[in-house]
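Read-outs throughout are calculated quantities, based only on the coordinates presented, and are distinct from any laboratory measurement. This structure is a prediction, so every number in the text was calculated from the model and none was measured. A quick note on method: Cβ atoms are made from the backbone with ideal geometry, for glycine too, and the neighbour counts reach across all protein chains shown.
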Amino acid sequence: MAEHRQAKNFNFSPDAEFTQGGHPEVHQGRIGVLLINLGTPDATDYWSMRRYLKEFLSDRRVIETNRIVWWFILNLIILTKRPFSSGEIYKSIWNEERDESPLRTITRSQSEAIAAAFSGDERIIVDWGMRYGTPSIKSRIEALSAQGCDRILLFPLYPQYAAATSATACDKAFDALRDMRWQPAIRVVPPYFEDPGYISALGEGLRDGLAALDWEPEIVIASFHGLPVAYFEKGDPYHCHCAKTTRLLRELLGWDDQKLRMTFQSRFGKAEWLRPYTDKTIEALARSGVKNLAVITPGFSADCVETLEEIALENADIFKENGGENFAAIPCLNDSEAGICALTAIIRQELMGWI
């Protein structure tokens with residue numbers, strides 16, 4: 001894809017004579033870094049939204065229920081109505097200048113910034129892909145391999161591990177490898193929920209966000225994406241990772257658990273999800289007399305529909321409708337200097353022995 005960073009095509013074939021004798025020319029010796037984010041629809045129209053939602057909601061890592069029952073619910077109910085409402089939500093935060101979602105814009109920018117940090121080493125190619133939608137993980141692994149990457153570091157951009165995010169990203173990568181005759185060696189960046197650089201970047205981003213306000217929040221909420229309780233009970237470590245990120249951030253800031261509170265957003269369906277719920281907490285705080293509130297979203301590496309619409313618009317309305325006055329959604333780390341430094345440091349650590 002033209003928007004991805006192009007690098008020189010190296011030929012490190014160890015036996016040029018054999019290659020000239022009929023074997024296809026082989027390019028090798030380079031190292032790929034593939035940033036992976038959740039995904040995005042290509043447009044906000046009905047069919048684009050339907051394709052995206054079908055891929056997302058058909059993932060068995062995301063929906064762990066009876067497949068036959070879910071097929072009917074998904075195809076006969078959800079995919080007939082939800083593309084319309086989801087399309088309207090995406091329209092409210094769409095990047096009109098580039099005609100794409102902010103998540104795609106930011107993930108591309110993160111990739112370019114990290115590539116610039118490694119520009120002194122021509123062995124390394126940095127690329128990005130999406131678990132759902134385009135550019136696909138498969139297409140980017142193939143592109144990296146074609147450019148001579150016989151070693152690839154997969155970087156799921158989820159600080160806290162969940163099977164429905166980190167694991168399914170790896171599943172898709174491994175599916176791509178299954179179709180390759182010459183598979184590259186693969187490493188996967190582990191969850192970085194307690195990485196000192198990440199925690200420091202969160203603190204810096206929060207301080208900068210609060211400094212830009214002309215008022216001071218009484219409480220700051222750290223809102224993470226929700227997860228069904230049933231997944232937690234099956235052994236998913238996500239809740240524990242979120243709790244540790246929050247605790248480490250409190251310690252860095254010198255705050256207690258009343259000043260910085262952990263909640264969970266974006267629940268779906270009728271099942272019990274991790275509590276406390278973000279929207280219900282915000283409503284209760286407003287009704288209790290809290291007038292000034294800020295929300296950070298440490299589980300998201302880039303601003304997306306869950307942060308820009310659900311938090312910054314929907315939950316801001318909930319707060320103000322119930323008596324609150326000042327509400328701020330603090331931006332994610334995105335492509336900030338602190339955020340890129342944290343991601344780059346993690347990548348350098350995980351590439352040890354390869355570079």
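Sorting Ser85, Ser266 on the 10 Å Cβ count, fewest up front, what's the list?
Details: Ser85 10, Ser266 17.
Ascending Cβ contact count within 10 Å gives the list Ser85, Ser266.
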For this session: Please check the chain for the longest run free of GluC sites (Glu not before Pro) that are loop-located per DSSP (anything but H, G, I, E, B) and have at most 13 other Cβ atoms within 10 Å.
Result: 123-271
Exercise. Just one of [x] 21, 30, 21, 20, 7, 0; [y] 27, 48, 21, 4; [z] 28, 57, 14, 1 is P(r) over Cα pairs in 20 Å bins from 0, in percent calculated from these coordinates, so which is it?
Worked result: [z]
Exercise. Expressed as an acute angle from 0 to 90° and rounded to the nearest 10, what is the orientation of the C-alpha long axis of helix 238-253 relative to the principal long axis of the chain?
Worked result: 70 degrees
Exercise. Among the DSSP beta bridges whose two residues both lie in the stretch 196-329, what percent are antiparallel, rounded to the nearest 5?
Worked result: 5 percent
Exercise. Cα axis of helix 46-57 to longest principal axis of the chain: angle in degrees, 0 to 90, nearest 10?
Worked result: 80 degrees
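Pull up the DSSP beta bridges for the chain and report the antiparallel fraction as a percent, rounded to 5.
Details: 2 of 38 bridges.
Around 5 percent antiparallel, to the nearest 5.
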For this session: With a ≥ b ≥ c taken as the square roots of the eigenvalues of the C-alpha gyration tensor of the stretch 248-305, please select rounded if a/c is under 1.5 and otherwise prolate if a/b is larger than b/c or oblate if it is not?
Result: oblate
Problem set entry | Charge dipole (the chain, unit charges on Cβ, about Cα centre) - positive-most of Leu293, Leu313, Trp273 | Trp273
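For the cross-link pairs Lys259/Lys320; Lys54/Lys172; Lys54/Lys91; Lys172/Lys244, which exceed 23 Å when the distance is taken from alpha carbon to alpha carbon? Don't skip to the answer; put the middle values down first.
On the way: Lys259/Lys320 20 Å; Lys54/Lys172 16 Å; Lys54/Lys91 19 Å; Lys172/Lys244 28 Å.
Correct reply: Lys172/Lys244.
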Exercise. Cα axis of helix 168-178 to longest principal axis of the chain: angle in degrees, 0 to 90, nearest 10?
Worked result: 10 degrees
